[in-house]
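The values are calculated or read from the model by the stated rules, or taken from the named source; none is laboratory data. Please read all numbers here as calculations on a predicted model, not as lab measurements. Ideal geometry is used to build each Cβ from the backbone, glycine not excepted, and the neighbour counts take in all protein chains shown. Calculation scope for accessible area: heavy atoms of the full protein, side chains included, ligands and nucleic acids excluded. Shrake-Rupley method; radii C 1.70, N 1.55, O 1.52, S 1.80 Å.
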Amino acid sequence: MILLKSPVEIEMMREAGRVTAAALRHVGEAVRPGVSTRELDRIAEEYIRSQGAKPAFLGYHGFPGTLCTSVNEQVVHGIPGKRVLKEGDILSVDCGAVIDGYFGDSARTFPVGTVSQAAQSLMDATRSSLEAGISKMRANMRLYDIGAAVQQVAEAAGFSVVREYVGHGIGRDMHEEPQVPNFGQAGRGVQLKPGMVLAVEPMVNAGGYEVRGLDDGWTVVTADGSLSAHFEHTIAITEDGPDILTIE
Ligand code: MG
Ligand code: MG
């Protein structure tokens, strides 16, 4: 069942979204060659707690970090640790915060120092694909209009969208119905309604869309070792169109 949120609930989610967005900004300001993913995780956790919020991912199904930090060919769910970032890496950071029982969830991929043109193009296309998906989040559009728009932009740039992991409804739980694929046929799926709040999160690979899991039980990598990027926002559908909650 898709839970519709009242305007009051959406305002509470906006606060969770603001904390999430600010945490990501602080992380982004610290991304540079020589920093470890564990240091970035600490920055995010300290900021989130300073706001009276809690990290949403820490302990979620046993996940050991505040952030998911996924480097280069890592797609999602990388565990923060000793890894030190190098010039030319790309780092996908996924962050969630919960405050007063409501969740925010957002992700972005950061360049570490100067990156290759190929890496920059992948990041740009992934961000553009998210924007294209968000533009479809209007009452009376259909769920798959979002994924179709994401897929069209990513594939037009020569990249592929991951199939195995998808976006999701969000609210009092981090993952609610419906699932929000980043691919599919426009015009299909449930009708979008004001009060729906969705986390849209394209994961775009430079090579093929296939992925596999590493032995740590969490980290997902591209099957062909190609680079991957990830951008995510939590967005409410309102009478006036999409309302991005994970911004400051
Ligand atoms: Mg996320
Ligand atoms: Mg998410």
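The table below gives the values:
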{"item": "Accessible area of the chain divided out per residue, in Å², using a probe of 1.4 angstrom", "result": "42"}
{"item": "Euclidean distance between Cα centres, the range 103-132 to the range 222-248, Å", "result": "11"}
{"item": "Projected area, mean over directions - the range 1-82, Cα convex hull, nm²", "result": "7.0"}
{"item": "Extension gain, residue 32 back to residue 156 (0.36 nm per residue minus Cα-Cα distance, nm)", "result": "41.6 nm"}
{"item": "Cα point-scatterer Debye curve for the chain, base-10 log of I(q)/I(0) at q = 0.10, 0.15 Å⁻¹", "result": "-0.42, -0.99"}
{"item": "20 Å reach of a label modelled at residue 224, 7 Å along Cα-to-Cβ, counting backbone N of the range 82-121", "result": "90, 116-121"}
{"item": "Gyration tensor (Cα) of the range 135-222, equivalent ellipsoid semi-axes in angstrom", "result": "24, 18, 8"}
